[in-house]
């Protein structure tokens with residue numbers, strides 16, 4: 001009998017155990033979809049208000065402290081019961097669940113991240129069968145477990161979460177609401193079979209010489225006389241390799257191939273080559289030649305290693321990703337779950353998010369450790385698009401326990417998820433947790449970086465017991481079950497150094513916003529070898545703000561109670577205002593406040609990528625090898641560090657980051673140098689402004705271009721232009737100029753206000769195509785007296801197609817953000833700096849010829 005799997009996804013209903021706010025006693029409500037969760041269903045039935053609007057998050061907290069029951073009946077045929085094996089497979093239950101079939105208990109679950117297979121042949125009956133799942137409150141259960149063990153330290157959420165293997169962000173985070181989901185969050189299926197293929201382990205191995213080996217191993221659930229065939233096919237379905245007649249009577253099968261040169265193509269990250277995907281097909285037949293089971297899995301061939309090499313002129317070691325022997329600068333984002341209600345996520349929404357990443361010139365995404373091991377479709381799309389994935393294990397910002405039942409649960413969770421994910425070429429690193437070592441340092445827990453040989457038992461009994469998980473359990477699982485690099489944490493320095501060390505490993509650089517609250521202009525001295533988190537907050541699109549206001553105009557001001565509920569970051573008022581008041585003249589009118597936070601975020605993040613790409617200076621000088629912004633997305637409508645809001649509306653920062661991650665960019669800095677006449681005087685000195693220009697090139701071939709530099713005095717007609725031919729080194733930054741800033745003579749008095757000189761630099765092809773551009777303005781912007789709008793000569797001209805606009809000006813303009821009344825437009829660029837003689841055309845999909853308005857610094861609204 002062949003293997004057949006069918007979904008159990010019809011006829012489901014649910015109720016609140018004992019009745020209450022959600023359902024009356026004995027009332028069963030039909031579900032609208034399956035899999036599903038309680039909040040989603042109650043919301044669709046209008047039994048609860050939208051927790052994303054106003055203060056309603058707090059009106060639904062009772063759901064997470066209530067018991068819920070889901071049930072269905074499904075029919076089973078005699079032919080299905082005749083199968084030698086009949087299993088119910090539960091891909092994921094959230095979280096503490098008791099499952100009964102025809103009144104008989106068959107399963108008890110305790111971990112959202114684990115799937116379960118239960119033999120039910122003896123319990124099923126021909127005809128109708130009842131399946132029931134009772135869910136206990138994860139919050140209340142967690143509190144009970146915590147009380148039975150120990151209360152531990154953490155950042156974000158309720159401390160009981162540390163004992164519960166559930167998506168940690170459900171407990172609330174500094175960007176997310178407290179919404180404790182519950183329900184069957186992944187599919188449930190009925191599997192009938194004689195023997196099924198399991199434990200499929202496909203290992204494509206690419207050597208340093210780029211030769212390719214492929215091994216395919218698998219096992220059968222039941223040993224029967226059988227044989228198998230294994231076939232490798234390309235993306236068009238053409239057979240590349242194949243082997244038949246593999247004996248599997250012993251329950252196992254193995255094929256190993258060494259592939260000749262050119263037999264398969266290598267998989268590359270986006271921007272470095274193509275992403276050819278291959279399919280391995282395994283088919284097992286019985287001795288009569290009847291197919292018992294089939295399995296297919298998509299794979300690719302690539303070599304991925306992390307390189308820690310000595311550097312030229314700096315201490316420490318590199319921390320960089322090398323793919324197929326090419327060292328890659330990783331510019332990308334951190335990823336949190338894209339919804340508080342995961343069962344509403346569709347394949348299309350995942351594709352839209354990840355396409356935004358690619359369209360923004362990003363090549364890496366980090367799946368953060370406080371959410372979930374993402375759905376298969378997420379990684380499938382990353383494979384297809386060429387996005388590198390940094391994958392955390394699901395531990396975040398906590399002092400996790402290591403008692404036996406917890407460790408056993410984590411071990412199974414790790415094994416299942418490594419086995420599920422290991423075949424994806426996009427995944428290039430597993431990290432043990434998010435910031436747990438940083439928390440241990442902060443709380444002075446037992447942590448001796450100089451010793452790696454502590455006995456397992458002493459680690460588990462220390463004040464940092466999860467060190468056993470991160471240093472023993474997880475690396476052993478990853479090493480046994482995959483060829484993917486394991487990293488103990490993010491951040492983690494290794495080499496006996498603390499997590500804040502800037503010369504080893506990866507770094508979370510939060511001294512802009514958090515910590516010492518450095519000016520963003522200091523990103524160059526805040527660099528690390530690989531900056532896996534950094535960020536700046538901003539309001540989302542005004543349409544998103546109006547969504548969460550729900551029509552309550554009385555709350556439409558920045559300091560309102562509703563606005564505060566839609567920003568979860570501690571002290572955000574002080575931090576936002578600190579960075580705003582240090583840098584901008586700004587208004588508290590709602591649209592203006594949204595604009596100024598957005599332009600601040602755009603400037604902050606662009607500066608980081610610009611300065612850190614400069615640190616990718618060639619072999620032996622990879623001083624910074626990656627920058628992953630916190631974060632690309634949101635799980636609900638909120639003011640946060642995201643560069644694209646919950647409704648997939650990019651903030652201006654998304655576009656400035658995209659510009660800084662183009663294949664070719666140009667960067668500039670200006671810094672005042674003060675020289676005293678001698679070592680006795682404080683009054684006699686001179687100040688000169690030192691100006692530096694560099695270019696970057698992420699391609700693997702050198703690039704000849706023209707560097708064109710134009711300088712403008714904002715308050716006169718003075719202009720200076722010069723150009724020269726330059727050669728950008730491959731896969732590196734190249735220094736192009738260092739000297740005095742034209743138009744700014746040396747100053748000898750502190751009272752002497754420097755002229756407002758704006759410098760525009762462009763890298764040009766021979767035919768005039770702009771490869772990269774950047775305008776450098778004096779900062780802070782709050783000191784600038786901007787020209788009258790009538791003197792700017794600023795024009796916005798709609799293209800003939802009604803789907804683009806042309807921007808031009810007679811004076812430099814900073815931070816142009818375009819908008820229209822009504823439905824939003826899909827803009828091709830935002831946060832635009834415009835200078836005379838360099839008009840820019842911006843795509844505007846969905847504009848439909850409507851009138852465009854613009855905000856910019858000095859537009860009279862501050």
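The values are calculated or read from the model by the stated rules, or taken from the named source; none is laboratory data. Not measured: the values here are computed from a predicted model. FYI the Cβ positions are ideal-geometry reconstructions off the backbone, even for glycines, and counts take in every protein chain you see.
Among the residues in the range 685-698, are any assigned by TED's automatic domain parsing to the domain that holds residue 759, farther than 22 Å from residue 815 by Cα and assigned to a loop (DSSP other than H, G, I, E, B)?
Yes.
Residues that are more than 24 Å from residue 659 (Cα to Cα) and touching a strand residue (DSSP E or B) at 6+ places or on another chain (Cβ under 7 Å): list the helices (runs of 4 or more DSSP H) wholly contained in the range 341-425 that include at least 1 such residues.
376-385, 404-421
Which residues, counting only those in the range 426-436, are touching a helix residue (DSSP H, G or I) at 6+ places or on another chain (Cβ under 8 Å) and either assigned to a strand (DSSP E or B) or within 23 Å of residue 155 (Cα to Cα) (or both)?
Listed by number, the residues that qualify are 427, 430, 432, 433, 436.
Can you confirm whether residue 670 is closer than 29 Å to residue 586 by Cβ, in contact with a strand residue (DSSP E or B) (Cβ under 6 Å, 6 or more places away or on another chain) and in contact (Cβ under 8 Å) with a residue 40 or more places away in the chain?
yes
Six or more apart or on different chains, Cβ under 6 Å: which pairs go from a residue in the range 167-186 that's without any contact (Cβ under 8 Å) to a residue 60 or more places away in the chain to one that's assigned to a loop (DSSP other than H, G, I, E, B)? Could you list them?
Between residues of the range 167-186 that are without any contact (Cβ under 8 Å) to a residue 60 or more places away in the chain and residues that are assigned to a loop (DSSP other than H, G, I, E, B), the close pairs are 171/157; 171/158.
Residues that are within 30 Å of residue 386 (Cα to Cα) and without any contact (Cβ under 8 Å) to a residue 60 or more places away in the chain: find the strands (runs of 3 or more DSSP E) completely inside the range 198-302 holding 3 or more of those. Walk me through how you get there before you give the answer.
On the way: elements: 212-220, 226-233, 239-247, 252-259, 278-286, 291-299.
Per the criteria, 212-220, 226-233, 239-247, 252-259, 278-286.
Output yes when any residue across the range 335-346 is more than 26 Å from residue 164 (Cβ to Cβ) and either within 13 Å of the chain's Cα centre (by Cα) or not assigned by TED's automatic domain parsing to the domain that holds residue 43 (or both), and no when none is.
Yes: the range 335-346 contains one or more residues that are more than 26 Å from residue 164 (Cβ to Cβ) and either within 13 Å of the chain's Cα centre (by Cα) or not assigned by TED's automatic domain parsing to the domain that holds residue 43 (or both).
Looking only at strands (runs of 3 or more DSSP E) that fall completely inside the range 761-833, which ones have 1 or more residues that are touching a strand residue (DSSP E or B) at 6+ places or on another chain (Cβ under 6 Å), closer than 20 Å to residue 543 by Cβ and not assigned by TED's automatic domain parsing to the domain that holds residue 356?
Those strands (runs of 3 or more DSSP E) span 804-808, 813-819.
What do you reckon, is residue 26 modelled with pLDDT under 95, more than 22 Å from residue 171 (Cα to Cα), loosely packed, with under 15 Cβ neighbours inside 10 Å and not assigned by TED's automatic domain parsing to the domain that holds residue 637?
Taking the combined requirement at face value, the residue satisfies it.
Condition check: in contact with a helix residue (DSSP H, G or I) (Cβ under 9 Å, 6 or more places away or on another chain) and closer than 26 Å to residue 708 by Cβ. Does residue 854 satisfy that?
No.
Kindly indicate whether any position in the range 283-293 is out of contact with any strand residue (DSSP E or B) (no Cβ under 6 Å at 6 or more places or on another chain) and closer than 29 Å to residue 700 by Cβ.
Narrowing the range 283-293 to residues out of contact with any strand residue (DSSP E or B) (no Cβ under 6 Å at 6 or more places or on another chain): 287-290.
Next cut, closer than 29 Å to residue 700 by Cβ only: none.
Checked the range 283-293: no residue is out of contact with any strand residue (DSSP E or B) (no Cβ under 6 Å at 6 or more places or on another chain) and closer than 29 Å to residue 700 by Cβ.
Could you check the range 476-493 and list, in sequence order, the residues that are over 22 Å from the mean Cα position of the chain (by Cα) and in contact (Cβ under 8 Å) with a residue 12 or more places away in the chain?
Step one: of the range 476-493, the residues over 22 Å from the mean Cα position of the chain (by Cα) are 476-477, 479-483.
Passing the criteria: 477, 481, 482, 483.
Within the range 152-169, can you find the residues that are buried (at least 23 other Cβ atoms within 10 Å of the Cβ), assigned to a helix (DSSP H, G or I) and in contact with a helix residue (DSSP H, G or I) (Cβ under 7 Å, 6 or more places away or on another chain)?
Scanning the range 152-169 gives 161, 163, 168.
Do you know which residues across the range 615-667 are under 16 Å from residue 319 (Cα atoms), crowded, with 24+ Cβ neighbours inside 10 Å and more than 17 Å from the chain's Cα centre (by Cα)?
Of the range 615-667, the ones under 16 Å from residue 319 (Cα atoms) are 615-628.
With the extra rule that they be crowded, with 24+ Cβ neighbours inside 10 Å, the set shrinks to 616, 622, 624-628.
Residues satisfying the conditions are 616, 622, 624, 625.
Condition first: in contact with a strand residue (DSSP E or B) (Cβ under 6 Å, 6 or more places away or on another chain) and more than 18 Å from residue 177 (Cα to Cα). Now tell me which residues in the range 35-44 satisfy that.
Once the filter is applied, which keeps residues that are in contact with a strand residue (DSSP E or B) (Cβ under 6 Å, 6 or more places away or on another chain) and more than 18 Å from residue 177 (Cα to Cα), the range 35-44 yields only 36.
Looking at (1) under 30 Å from residue 663 (Cα atoms); (2) buried (at least 20 other Cβ atoms within 10 Å of the Cβ); (3) modelled with pLDDT under 95, which one does residue 833 not meet, given that it meets all the others?
The failed condition is (3).
Check whether at least one residue in the range 123-130 is touching a residue at least 40 places away in the same chain (Cβ under 8 Å) and within 34 Å of the chain's Cα centre (by Cα), and report yes or no.
Scanning the range 123-130 turns up no residue that is touching a residue at least 40 places away in the same chain (Cβ under 8 Å) and within 34 Å of the chain's Cα centre (by Cα).
Go through (1) outside any helix (DSSP H, G or I); (2) closer than 25 Å to residue 426 by Cα for residue 473 and report which single condition fails.
(1)
Residues that are over 29 Å from the mean Cα position of the chain (by Cα), touching a residue at least 24 places away in the same chain (Cβ under 8 Å) and not assigned by TED's automatic domain parsing to the domain that holds residue 375: does the range 157-164 have at least one?
Within the range 157-164, not a single residue is over 29 Å from the mean Cα position of the chain (by Cα), touching a residue at least 24 places away in the same chain (Cβ under 8 Å) and not assigned by TED's automatic domain parsing to the domain that holds residue 375.
On the basis of being surrounded by fewer than 22 Cβ atoms within 10 Å (Cβ to Cβ) and within 24 Å of the chain's Cα centre (by Cα), does residue 172 make the cut?
On the way: surrounded by fewer than 22 Cβ atoms within 10 Å (Cβ to Cβ): yes; within 24 Å of the chain's Cα centre (by Cα): yes.
Yes; evaluated as a whole, the condition is true for this residue.
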